[in-house]
Each structure stands twice: as C-alpha cells, then as structure tokens.
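Reviewing the structure listed below.
The values are calculated or read from the model by the stated rules, or taken from the named source; none is laboratory data. Since we're looking at a predicted model, the values are computed, not measured. Methodologically, a virtual Cβ is constructed for each residue, glycine included, from the backbone with ideal geometry; neighbour enumeration extends over all protein chains shown.
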Amino acid sequence: MVQTLRPLPPPRAWLPPPRPDGRVPVDLLALLPEEMEAYLGSLGEPRYRARQIIAWLHSRAVTDLRQITVLPQSVRERLAQDSFVPVPEILRRQADPVDGTVKYLLRLTDRETVETVLMRYRFGYSLCVSSQVGCRMGCRFCASTIGGLRRNLGASEMVAQLQVAQRDLRQGLRADPPFDRVSRIVVMGMGEPLENLDAVLRFVSLAHLPEGCSIGWRHLTVSTSGLVPAIDRLAQEKMPITLAVSLHAPNDEVRDRLMPINRRYPLDALIPACRRYQEATRRRLTFEYVLIAGVNDLPEHARELADLLRGMSCHVNLIPLNPVAERALLPSSRRATAEFAALLSRMGVPATVRRQLGTSIDAACGQLRHRTLASGVVSDSLQERPIGGISSGGLLDTIQRG
Ligand code: SAH
C-alpha cells in the first residue's frame, strides 16, 4: 500500500561550484525578474537593467556576460566576477536527415551528461528538456533509467539546454520565422520532473518571461510518471502549464510490470489525483501511452482505458515505442496502433498517435546518452576530437529541409 513504503531520499541537488575564496557565486541564469532586480539593486544599478539582462541571457542566449553590450563595461565585469553561468559542452549534435529532429548530448560543468531534443513541427520548434541526470523511476521500456539517477539539474542547467537550441536557431534560421526560435517546451527528456519540482517550476517561469523566450503557459508541458503528492502540489501552483501523465497501462497489473512507480502510487491513487488536478486547474490533461506489442495494445486494453478515463477532460497521446536494445519489448504494429486509437475515439476518449521523430538518431529518452556511455566514447579525449556529428551549417541545412 502507498503509505507503508518508505519515502525515497531527495535526489542530490545542483549548486554552482564555490569559488576559490569559498563564496557561492550568483546563479544568474536562474534568477527571476524580482531577484535580478534585487541583485542589481545591491550593486547600485537601476532596476530596468534586470529586464535587459534577462533578454540577453534567455532570448539572445548569451553565455559570456562580457558580451552583454547594452550594459556599461563596469557592470559586465562585475557580473562576470560575481556569477556562474553553467555552459554545457556539446558532445554530440545529431540531426535526423528525414524529419530534421536534432538531438544534443551535453556535458555539464561537473562532467555529467544529459540529452536535449529539438523537434520541428508545422507550428515551429519544440524543445524536449531533461530535468535530471539519469532517472530512478525504472520504467521497463526507457533507456534513461538504465544507469539510475545521478542528480537533479539546476534550473539554470535547464535554461542552458534552451540556450543551446536557441543559439543554433538564431544563428541559422533568422530569416525564417517562426523557425527562428523555440516556441514550445516539453519537460520530457531524461528524469522525473516532479522529483525536481522547484527547479522545474522556476525553469518554466523563466521560459515564459516576455522579455526572455516568451513561451505561452499552454506551450509549456511537464510530464510525470505519476508522483501523486507532487501532482497535488502542482495543482496548487497558479501556473497554467500542461500536465502530461505517463499512464502506459489501463490496469495495475500491466502498469506494475512496466512502471515500478505504480507500486507506490497505483491507479486508484493516481487517477483521483489527476481528477483533483483537473478540477483545481480546469486544464485538460494529457495522458501518454506508449504502445508495446502484446503488452498494452489489445482491444480490451483500449476498452479498459476508456473506462478508467471516462468523464475526465483529457487527451490520450499514443506513442509508438522506440525500441531500446536492452529491453525485449517491441512496438505495436501500425494496424494495432490505428485500431487502438480508433477504439478510444469511438468510446469518447480523444486520442492521437504522436508522430515519431528522430528514430534514426536515438531520440527516445536517454538512448543517445546510454549508447555513448556504454560504448565508452565519452571520455576526455573527445574534447580534442571533432564532434562526431555535423557542423552547425550542415545541421541547420538539414533542419530547413526537414
Ligand atoms: N519521467 C517523466 C518524463 C520523461 S519521459 C515521465 O515518465 O513522464 C517522457 C515520455 O517518454 C514518457 O511518457 C515516457 O514514458 C516516454 N518514453 C520513455 N522511453 C520511451 C521509449 N523507449 N519509447 C517511447 N516513449 C518512451
């Protein structure tokens, strides 16, 4: 039962590394406008500078504070001395030649690695951001979880992922709006965002800032494997983002097999939490459902799912499984997928099949990182070698064609 399980210890947090004099630097990329104003006030600078700095950091994606030329030289120097900006190194940048999806493998300042994926849709670009290094949810079909959880990401490390994509887009496609910027974010990369809720909420608030990336609340999605207490907490936040719940099964028997978290928060805890969230926020929920051949894709599963979700304002996103070599699970056939979607729709549950992007570049959660770590290619020596991918120009050509 839910209550008898010991709570997990909180994941290790990220802090900017202390400087030689022992002082903790200012985590500038993570500061909200009021905090930035307070910090500038402490330097005797006017408040309006806060918005300027936010625009340069978040929209223009500047990482070298000395390049913020709108600021007086003395302020730039002071910022550079006082603060720490976590600039990840791009270890790999892989573009799918067919659909233009770009997958980044990034090395963080403590040498941990995470993935970020940029996807091109008709409306513009959507960025899939990681919230943790690794994951401890243990989902049977997911590569992110294979090496376990290393630590939480800081909000500024999530902003840094956005900066990487934003910089590529600004440099390459400026003449092609809306394809010159990231216009949606899904926190669906590596990790369980609701285990790192404070940092994730800070990150989405920053991405929403009009002087920053200006991403509308509805275009900000956070995905969870179903952490009930955190769903309840999120419901109390006045932040009309989209919540996506990874359901993947219509009953506890199947869900227990696929997602160990279900033993902690089974469906009779999770579904009421989703209903409470819906009532509190009046927002339509998204349920993600990865279709796995013979495991959760039978017509009776579709019927059970429709019963489970009846009366809830929701949408089911059916995701073809991206097979992971270590897992003996196969994607559903096209036919089974289409039939599953049609059955749900017929029973009054809106469902769509997610377009599969980036299959040729290991775009499913954690695949590129896992494969790279397993092959031992990520080592110090990689720094001296050219990145095993595409030059920036080539990458952006590929996106434009996609
Ligand atoms: N931990 C969060 C967010 C990260 S995963 C969550 O579970 O929601 C984002 C989505 O990708 C989840 O729905 C996850 O179940 C799904 N996913 C993971 N591995 C996959 C794979 N191999 N193929 C297809 N979808 C996958």
Here the qualifying pairs (Cβ atoms under 9 Å; residues six or more apart or on different chains; first in region 174-186 and in the same structural domain as ALA244 (by TED's automatic domain parsing) and modelled with pLDDT under 80; second part of a loop (DSSP other than H, G, I, E, B) and of a type outside the set (Val, Ile, Thr)) come out as ARG174/ASP180; PRO178/PHE123; PHE179/LEU173
Which listed residue is more than 29 Å from GLU34 (Cα to Cα), not assigned by TED's automatic domain parsing to the domain that holds GLU35 and not aliphatic (A, V, I, L, M), from ARG264, ARG233, ARG218, ARG202 = ARG264
Residue check, ASP198 against (1) surrounded by fewer than 20 Cβ atoms within 10 Å (Cβ to Cβ); (2) touching a helix residue (DSSP H, G or I) at 6+ places or on another chain (Cβ under 7 Å); (3) of a type in the set (Asp, Glu), all met but one. Which one?
-> (2)
Would you mind telling me which numbered condition in (1) touching a residue at least 24 places away in the same chain (Cβ under 8 Å); (2) surrounded by fewer than 16 Cβ atoms within 10 Å (Cβ to Cβ); (3) touching a strand residue (DSSP E or B) at 6+ places or on another chain (Cβ under 6 Å) SER345 fails?
-> (1)
Condition met for TYR121 (more than 14 Å from the ligand (Cβ to nearest atom), buried (at least 24 other Cβ atoms within 10 Å of the Cβ), more than 20 Å from PRO11 (Cα to Cα) and of a type outside the set (D, E, K, R)) | no
Tabulated pairs, region 141-168, first in contact (Cβ under 8 Å) with a residue 24 or more places away in the chain, second of a type in the set (Asp, Glu) and away from the ligand (no atom under 13 Å from the Cβ), C-beta under 6 angstrom, 6+ apart or interchain | ARG150/GLU112; SER156/ASP27
Might you check whether a residue that is surrounded by fewer than 19 Cβ atoms within 10 Å (Cβ to Cβ), under 30 Å from PRO229 (Cβ atoms), among the charged types (D, E, K, R) and within 22 Å of the chain's Cα centre (by Cα) occurs anywhere in region 3-26?
-> yes
When (1) within 12 Å of the ligand (Cβ to nearest atom); (2) modelled with pLDDT of 95 or more; (3) in a loop (DSSP other than H, G, I, E, B) are applied to ARG255, the one that fails is (3)
Can you find a residue in region 263-284 that is within 15 Å of VAL222 (Cβ to Cβ), of a type outside the set (Asp, Glu), surrounded by 15 or more Cβ atoms within 10 Å (Cβ to Cβ) and under 19 Å from the mean Cα position of the chain (by Cα)?
-> no
Does ARG283 count as part of a helix (DSSP H, G or I) and either farther than 20 Å from ILE319 by Cα or touching a residue at least 12 places away in the same chain (Cβ under 8 Å) (or both)?
-> no
If you go through ALA273, ALA328, ALA302, the only one that is in the same structural domain as SER144 (by TED's automatic domain parsing), free of Cβ contacts under 8 Å to residues at least 40 places away in the same chain, within 21 Å of CYS139 (Cα to Cα) and among the hydrophobic types (A, V, I, L, M, F, W, C) is ALA328
Checking GLU300 against (1) at pLDDT 95 or above; (2) surrounded by 17 or more Cβ atoms within 10 Å (Cβ to Cβ), the condition it does not meet = (2)
Selection status of VAL102, within 11 Å of the chain's Cα centre (by Cα) and within 21 Å of VAL182 (Cα to Cα) = no
Of the conditions (1) out of contact with any Pro (no Cβ under 8 Å at 6 or more places or on another chain); (2) under 14 Å from VAL349 (Cβ atoms); (3) within 12 Å of the ligand (Cβ to nearest atom), VAL316 fails just one. Which one is it?
-> (1)
Condition met for ALA244 (closer than 20 Å to PRO193 by Cα, touching a residue at least 60 places away in the same chain (Cβ under 8 Å), in contact with an Asp or Glu (Cβ under 8 Å, 6 or more places away or on another chain) and among the hydrophobic types (A, V, I, L, M, F, W, C)) = yes
Selection from region 145-172 of residues assigned to a loop (DSSP other than H, G, I, E, B) and buried (at least 18 other Cβ atoms within 10 Å of the Cβ) yields THR145, ILE146, LEU153, GLY154
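Listed here are the residues, each with its yes/no results for (1) more than 9 Å from the chain's Cα centre (by Cα); (2) within 16 Å of the ligand (Cβ to nearest atom).
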residue: ILE185; (1), (2): no, yes
residue: MET190; (1), (2): no, yes
residue: PRO193; (1), (2): no, yes
residue: LEU197; (1), (2): yes, yes
residue: PHE203; (1), (2): yes, yes
residue: PRO210; (1), (2): yes, no
residue: TRP217; (1), (2): yes, no
residue: SER223; (1), (2): no, yes
Tell me which residues, restricted to region 215-229, are in a loop (DSSP other than H, G, I, E, B) and in contact with a helix residue (DSSP H, G or I) (Cβ under 6 Å, 6 or more places away or on another chain).
-> ILE215, SER225, GLY226, LEU227
Residue, farthest from TYR39 (Cα to Cα), within region 66-92, restricted to residues that are hydrophobic (A, V, I, L, M, F, W, C) and in a loop (DSSP other than H, G, I, E, B) | VAL87
